[in-house]
There are 2 protein chains.
Amino acid sequence: MHAGMAREVIARCRSLAAHSDEPGFTTRTFLSESMRAVHADLSGWMTQAGMAVRVDASGNLRGTYEGASADARRLFIGSHLDTVPHAGAFDGVLGVVMGVALAESLDGRRLPFSIEVVGFSEEEGVRFGAPFIGSRAFVGDVDDALLARQDADGISIEQAIANFGLDPSRVGDARADANPLGYLEFHIEQGPVLDTLHHPLGIVDRIVGRSYADVIFTGAAGHAGTTPMDGRRDAVAGAAEWIGGVEAHGRRTPGLVATTGQVEVTPGASNVIAGRCRVSLDVRHADDALRTAAVDRLRTMAHEIAARRGLALDLSARFEHPDTAMDGSLTAMLTRAVERTGVPATTISSGAGHDAMIVAAHMPAAMLFIRTPGGVSHHPDESVTEEDVTAALAAGGTFLDEMASAAGG
Amino acid sequence: MHAGMAREVIARCRSLAAHSDEPGFTTRTFLSESMRAVHADLSGWMTQAGMAVRVDASGNLRGTYEGASADARRLFIGSHLDTVPHAGAFDGVLGVVMGVALAESLDGRRLPFSIEVVGFSEEEGVRFGAPFIGSRAFVGDVDDALLARQDADGISIEQAIANFGLDPSRVGDARADANPLGYLEFHIEQGPVLDTLHHPLGIVDRIVGRSYADVIFTGAAGHAGTTPMDGRRDAVAGAAEWIGGVEAHGRRTPGLVATTGQVEVTPGASNVIAGRCRVSLDVRHADDALRTAAVDRLRTMAHEIAARRGLALDLSARFEHPDTAMDGSLTAMLTRAVERTGVPATTISSGAGHDAMIVAAHMPAAMLFIRTPGGVSHHPDESVTEEDVTAALAAGGTFLDEMASAAGG
């Protein structure tokens, strides 16, 4: 691995960040035109690294670096290529770019296994309100209901796939081959833990469970000047009371995070009392039972607030994923690889969902976190340091060597 | 006045409601294409009533029914033609359609004064966040700063006027001629007072003052899964606390109404803690001092909340209008006219702002409210009854007769 590789990895991530649906920001949604530009750049780098490139029917970009034999088993290295609105340059993309860099660093050397780098098409759930479209296709978990799901413009996932020039009827072909060696994901931590410990890397032991719901309060629109305060059924006021309750419940429950990141008001005029207010709810906790109990408590709270205020309430769960452990032996191998690079092998749980969470139910999965300065993520200021990426690349290289030994190479 | 006139007035209002910027709803903003369609229909009815029609450079539709002599003074009858989003059929439009109906009911008879019916182009403030564009032009209160104001698409008021085919450099010509007899506005009450009293009409004595501000909380966007609750600077949570405070302050202050009808969150993704949240504030009270004190209190509250939560705060006043009394002698004349129709002459203060508020500083102004069933307004269910419109037309006709007598006709 040459010395400038970490610098090159960071430069590649920053150059990919310029491909955006929204000028001036990094916002890249499922199979947008900016995603096509990212595929083009990554395909070039993959080809340069000696990889065979394809895009599967779910829009995942896949580059294969062949092993020593034609029937070699396969190690997947992946992460996602889509972003949240106004994102940074590293969330997701870094893991894919590092996978390509590791293949490139082999410089033609053949291992007893193939490496397939996967750039998942969708993880954040921005465009369709359904996350993990790419990794769900990768594990064969895409059904007709998911394909029929529509974005804000009424375009279905199926149609979006066809619009991108892919064949939605072949989504089943996106599935990983049987009997893989496993799945490895590099990802920025997106939180403050490693930065606080002054440790460059963290080995993920588990990904905490997550619940996501839509909560809609419906009252009565009315004139802001002529409707007395006690005659109102104000959807915004009801939603605001509940948002306060969500925050308070999050604060007093150790380990719980509860977020209301979207608020949409109808009709949304300054001189009209709001008739309808939709709020998104995102709840996570390492303990599934505590997470479920928190969602139940917040649902009851919403019903109480709505009933007291004469509002109608619609609370619909949109996504639910249990706490997921990473694979023990793959994680032990990753831990040894980190130790051999000379940096502390810190174990850390992931509060964020990742593609590894979807993949882990179908094959051995391991995950390495890279320190995120200030814990700043989902924001243009998101960053990584060259020394941390160097450490991660070194650990990745050692991991490949370990696995080669274990596979008898 | 023929018997079916009230029915015809209501039918005309309902047919105009079909001209909308948004299919399926009535949403009509400043100088939109749907406004052009409204002008076309009204121009036809004005011409049929024997009126000369023009559109002034601020987009006000103006129809003149000439008086007995060429130098006759002028009585203006007006209201606005724009709407809030998802509006009803009567707010604003009813007053213009009734003015045309009153001119038509004269059936060629000449009064000692001219009648000019004015359909103001803009009152609600939806497109440019600045209300009363039409009536401000009518009183000569449009300056370069207002003309430069931009809508969400970056189009200025000046450009919107030009795009409609009008000449923005001639906005000064929209000003009413000197020495008018006065201004009369018919408008639905948009509140529950007359409906509760079972009275069809209300004579407006004053329009209560109003303050409108934009309040922006800025925190730090962050990952919803990895940022612990006590490490957050969540703009939505701060805004929600303040919205609760606004509502509570409104409830405990007699006569005050305080509304937060717009909430906009950035970036607005379910898995991202909000970095920015804008909330609109609309505060009204019949007592200017109490209104100003309430705004001050809510501003202090916002600063306290922001400081405690580590948020930045930007509170900018966007519109402020003092409590405005209607003209005493014109209102007395209107009261007598109502009494002569045989319905109670109820005096009522207006909690809503109206064009009459802008006009009153420049000429004698009076205003008649028509009962709003259930107080429902700014909503598709907004309605009026045929009997109430009949009473209002009768009062309007008597008012014209009274004024003719006073003017020596």
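What do you reckon, is A:V246 more than 7 Å from every other protein chain (Cβ to nearest Cβ), in a helix (DSSP H, G or I) and open to solvent by less than 10 Å² (accessible area, probe 1.4 Å)?
yes
Answer with yes or no whether B:P228 is open to solvent by 20 Å² or more (accessible area, probe 1.4 Å) and away from chain A (no Cβ under 14 Å).
Taking the combined requirement at face value, the residue does not satisfy it.
Quick one: count up the residues across region A:163-179 that are outside any helix (DSSP H, G or I) and among the polar types (S, T, N, Q).
1
Of a type in the set (A, V, I, L, M, F, W, C) and either crowded, with 24+ Cβ neighbours inside 10 Å or facing chain A (nearest Cβ under 7 Å) (or both) - does that describe any residue in region B:189-200? So that I can check it myself, show each step before the final result.
Quick first cut of region B:189-200, residues of a type in the set (A, V, I, L, M, F, W, C) only: B:193-194, B:197.
Filter once more, keeping what is either crowded, with 24+ Cβ neighbours inside 10 Å or facing chain A (nearest Cβ under 7 Å) (or both): none.
Checked region B:189-200: no residue is of a type in the set (A, V, I, L, M, F, W, C) and either crowded, with 24+ Cβ neighbours inside 10 Å or facing chain A (nearest Cβ under 7 Å) (or both).
What's the number of the only condition in (1) touching a residue at least 12 places away in the same chain (Cβ under 8 Å); (2) surrounded by 15 or more Cβ atoms within 10 Å (Cβ to Cβ) that A:S15 fails to meet?
Here A:S15 meets the rest and fails (2).
Quick one: would you say B:R233 is farther than 18 Å from B:N60 by Cα and open to solvent by less than 20 Å² (accessible area, probe 1.4 Å)?
No: the conditions fail for B:R233.
Considering only region B:207-222, state which residues are assigned to a strand (DSSP E or B) and either closer than 26 Å to B:E185 by Cβ or without any contact (Cβ under 8 Å) to a residue 40 or more places away in the chain (or both).
Hits for region B:207-222 are B:I207, B:G209, B:R210, B:S211, B:Y212.
Would you check if there is a residue in region B:51-70 being over 19 Å from B:R175 (Cβ atoms), among the charged types (D, E, K, R) and assigned to a loop (DSSP other than H, G, I, E, B)?
Checking region B:51-70: at least one residue is over 19 Å from B:R175 (Cβ atoms), among the charged types (D, E, K, R) and assigned to a loop (DSSP other than H, G, I, E, B).
So, in region B:18-50, exactly how many residues are among the charged types (D, E, K, R) and exposed (fewer than 15 other Cβ atoms within 10 Å of the Cβ)? Break it down into steps so the answer makes sense when it comes.
Just the residues of region B:18-50 that are among the charged types (D, E, K, R), to begin with: B:21-22, B:28, B:33, B:36, B:41.
Then drop every residue that is not exposed (fewer than 15 other Cβ atoms within 10 Å of the Cβ), which leaves B:22, B:33, B:36.
Qualifying residue count for the region: 3.
Condition check ((1) in a helix (DSSP H, G or I); (2) crowded, with 19+ Cβ neighbours inside 10 Å; (3) touching a Ser or Thr at 6+ places or on another chain (Cβ under 8 Å); (4) within 14 Å of chain A (Cβ to nearest Cβ)) across all residues:
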| position | (1), (2), (3), (4) |
| --- | --- |
| B:F76 | no, yes, no, no |
| B:P85 | no, yes, yes, yes |
| B:F128 | no, yes, no, yes |
| B:A145 | yes, no, no, no |
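Test of understanding: among A:G165, A:G99, which residue is away from chain B (no Cβ under 14 Å), surrounded by fewer than 24 Cβ atoms within 10 Å (Cβ to Cβ) and not hydrophobic (A, V, I, L, M, F, W, C)?
A:G165
Would you tally the residues in region B:253-262 being within 7 Å of chain A (Cβ to nearest Cβ), in contact with a helix residue (DSSP H, G or I) (Cβ under 7 Å, 6 or more places away or on another chain) and open to solvent by 20 Å² or more (accessible area, probe 1.4 Å)?
Number of matching residues: 0.
If we scan region A:378-400, do we find a residue that is open to solvent by 40 Å² or more (accessible area, probe 1.4 Å), farther than 30 Å from A:T27 by Cα and not hydrophobic (A, V, I, L, M, F, W, C)?
Looking through region A:378-400, none of the residues is open to solvent by 40 Å² or more (accessible area, probe 1.4 Å), farther than 30 Å from A:T27 by Cα and not hydrophobic (A, V, I, L, M, F, W, C).
State the number of residues belonging to region A:232-243 that are more than 7 Å from every other protein chain (Cβ to nearest Cβ) and aliphatic (A, V, I, L, M).
2
Taking the stated definitions as given, is B:G140 at positive phi and modelled with pLDDT under 95?
No: the conditions fail for B:G140.
In region A:257-287, what residues are part of a loop (DSSP other than H, G, I, E, B) and not polar (S, T, N, Q)?
A:G261, A:P267, A:G268, A:A269, A:A274, A:G275, A:A286, A:D287
Looking only at region A:215-225, count every residue that is more than 7 Å from chain B (Cβ to nearest Cβ) and modelled with pLDDT under 95 and tell me the total.
Residues meeting the conditions: 1.
Scanning for something at pLDDT 95 or above and in contact with a His (Cβ under 8 Å, 6 or more places away or on another chain), does region A:189-203 turn up at least one residue?
Looking for residues that are at pLDDT 95 or above and in contact with a His (Cβ under 8 Å, 6 or more places away or on another chain), one finds none in region A:189-203, hence no.
Pull out all pairs, ordered by first then second residue, where Cβ-Cβ is under 9 Å, the residues are six or more apart or on different chains, the first lies in region A:136-148 and is closer than 16 Å to A:G78 by Cα, and the second is surrounded by 14 or more Cβ atoms within 10 Å (Cβ to Cβ) and among the polar types (S, T, N, Q).
A:R136/A:S58; A:A137/A:S58; A:A137/A:N60; A:A137/A:S121; A:F138/A:S58; A:F138/A:N60
Taking the condition of being assigned to a loop (DSSP other than H, G, I, E, B) and either touching a helix residue (DSSP H, G or I) at 6+ places or on another chain (Cβ under 8 Å) or without any contact (Cβ under 8 Å) to a residue 12 or more places away in the chain (or both), how many residues in region B:324-341 meet it?
Matching residues across region B:324-341 total 2.
Could we say that B:F25 is over 19 Å from B:L181 (Cβ atoms) and touching an Asp or Glu at 6+ places or on another chain (Cβ under 6 Å) here?
Criteria not met by B:F25.
Scan region A:154-162 and give yes if some residue there is in a helix (DSSP H, G or I), away from chain B (no Cβ under 14 Å), in contact (Cβ under 8 Å) with a residue 24 or more places away in the chain and closer than 30 Å to B:G231 by Cα, otherwise no.
no
Name the single residue that is most open to solvent (accessible area, probe 1.4 Å) among those in region B:102-118 being in contact (Cβ under 8 Å) with a residue 24 or more places away in the chain and among the charged types (D, E, K, R).
B:R110
Cβ-Cβ distance below 8 Å, separation of 6 or more or different chains: which pairs start in region A:180-196 with a residue that is in a strand (DSSP E or B) and end on one that is acidic (D, E)?
A:G182/A:D327; A:E185/A:D355; A:H187/A:D91; A:I188/A:D91; A:I188/A:E382
Which ones in region A:295-323 are among the small types (G, A, S) and either within 20 Å of A:G125 (Cα to Cα) or without any contact (Cβ under 8 Å) to a residue 60 or more places away in the chain (or both)? First the steps, then the outcome.
Within region A:295-323, the first condition is being among the small types (G, A, S), and the residues that meet it are A:302, A:306-307, A:310, A:312, A:316-317.
Of everything in region A:295-323, those that are among the small types (G, A, S) and either within 20 Å of A:G125 (Cα to Cα) or without any contact (Cβ under 8 Å) to a residue 60 or more places away in the chain (or both) turn out to be A:A307, A:S316, A:A317.
Name every residue in region A:23-67 that is under 20 Å from the mean Cα position of the chain (by Cα) and within 18 Å of A:H379 (Cα to Cα), in order of residue number.
Of everything in region A:23-67, those that are under 20 Å from the mean Cα position of the chain (by Cα) and within 18 Å of A:H379 (Cα to Cα) turn out to be A:F25, A:T26, A:T27, A:R28, A:T29.
So which residues in region A:352-399 are among the aliphatic types (A, V, I, L, M), out of contact with any Ser or Thr (no Cβ under 9 Å at 6 or more places or on another chain) and in a helix (DSSP H, G or I), if there are any at all?
Matches in region A:352-399: A:V389 only.
Looking only at residues in region B:264-284 that are out of contact with any Pro (no Cβ under 9 Å at 6 or more places or on another chain) and open to solvent by 20 Å² or more (accessible area, probe 1.4 Å), which one is nearest to the other protein chains (Cβ to nearest Cβ)?
B:V265
Which one of these is assigned to a helix (DSSP H, G or I) and open to solvent by 30 Å² or more (accessible area, probe 1.4 Å): B:A307, B:A317, B:A294, B:A302?
B:A307
The values are calculated or read from the model by the stated rules, or taken from the named source; none is laboratory data. Computed from a predicted model, the values in this text were never measured in an experiment. For neighbour counting, all protein chains shown are included, and Cβ atoms are generated from backbone atoms with ideal geometry for every residue, glycine included. When the accessible area is computed, the model is the full protein with side chains, heavy atoms only, and any ligands, DNA or RNA have been set aside. Shrake-Rupley method; radii C 1.70, N 1.55, O 1.52, S 1.80 Å.
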